[in-house]
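The values are calculated or read from the model by the stated rules, or taken from the named source; none is laboratory data. As the structure is a computational prediction, the values presented were derived from the model and not from experiment. Every residue, glycine among them, receives a Cβ derived from its backbone with ideal geometry; neighbour counts consider all protein chains shown.
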Amino acid sequence: MDYKDFNSDTTTIDYVPIGEKSMSKSFVSNVFMLMFLALGVSALFAWQFSANENYMAYLVTSTGLTGLGKIVMFAPLGFVLIMSFGFQRLSPTALMGLFLAYSMINGIAFSFILMAFTPGSVLGCFLSAAAMFGIMAVMGYTTEKDLTGFGRIMMMGVIGVVIALVINFFLQSSRLDYIISIIGVMVFTGLTAYDVQKLKRIGEGVQFDGVAASNTKKLAILGALTLYLDFINIFLFLLKMAGSRK
């Protein structure tokens, strides 16, 4: 198994022996543990920077973002691309280091959001996102229905949301922004179920596909990145849709 198997849509759900189910649970548990670790790192750095004016001075001034602030805003995309395309070449340690660094940079970028919205609305949207993510994760793990077709539809939805965001960047329509946020919440909530089922299948295949232990660790990290992105996007779209600005 290599990285292309992570994005494979050709697998089917069949009877899985008890030993392979145990491997699947262990793999998925590791994925969620890494995801929660990344979320914790992001939350810590977001809180530290939003609560400290000296830290924020390095990122933003009265005239706008500083050079470092601009790097922080755009660096997360670079980290995702490096982890995705460098999957085969990077060691598990290097990939984990990049994942944690990405979580840290993302947290610093989120500090701008915490400053723009009231603490109550941030907490409310976070808890709502956690509930939606949790419900769909359980559904994706427990359902016997193949979600491959559903996942394709959700991926097309992601492309549509990205295109709409680019268009609205120029239009600056608050109504369109609200509609995009609603669709974004629906799309990434649906993707959560699909991604969890895909990870469950990967876990079931780890034992008999002869995957090296290092590749198993790397697949877990990439899986954690996928779920991290699902959760973060649900949270951000909820915040844009229902958050109260200061």
Q: Out of the residues in segment 56-112 that are assigned to a helix (DSSP H, G or I) and of a type in the set (Val, Ile, Thr), state the one that is surrounded by the fewest Cβ atoms within 10 Å (Cβ to Cβ).
A: Thr93
Q | Conditions (1) of a type in the set (A, V, I, L, M, F, W, C); (2) at pLDDT 85 or above; (3) outside any helix (DSSP H, G or I): number failed by Ile13 | A | (2)
(Q) Please pick out the residue among Ile202, Ile234 that is modelled with pLDDT under 95, assigned to a helix (DSSP H, G or I), among the hydrophobic types (A, V, I, L, M, F, W, C) and closer than 26 Å to Asn30 by Cα. (A) Ile202
Q. Across segment 113-141, what is the total count of residues that are under 18 Å from Thr66 (Cα atoms) and crowded, with 20+ Cβ neighbours inside 10 Å?
A. 0
Q) Across segment 160-195, what is the number of residues that are small (Gly, Ala, Ser) and not in a helix (DSSP H, G or I)? A) 1
Q: Would you please name the residue that is nearest to Ser181 (Cα to Cα), looking only at residues in segment 149-159 that are surrounded by fewer than 17 Cβ atoms within 10 Å (Cβ to Cβ) and not hydrophobic (A, V, I, L, M, F, W, C)?
A: Arg152
Q) Within segment 135-149, is even one residue in contact with a Gly (Cβ under 9 Å, 6 or more places away or on another chain) and within 30 Å of Val60 (Cβ to Cβ)? A) no
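Right, Met35: under 17 Å from Gly223 (Cβ atoms), at pLDDT 95 or above, assigned to a helix (DSSP H, G or I) and of a type outside the set (S, T, N, Q) or not?
Yes.
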Q: Spot the failing condition for Glu20; the list is (1) in a helix (DSSP H, G or I); (2) modelled with pLDDT of 80 or more, and only one is missed.
A: (2)
Q) So which residues in segment 222-237 are more than 18 Å from Tyr194 (Cβ to Cβ) and surrounded by fewer than 24 Cβ atoms within 10 Å (Cβ to Cβ)? A) Leu236
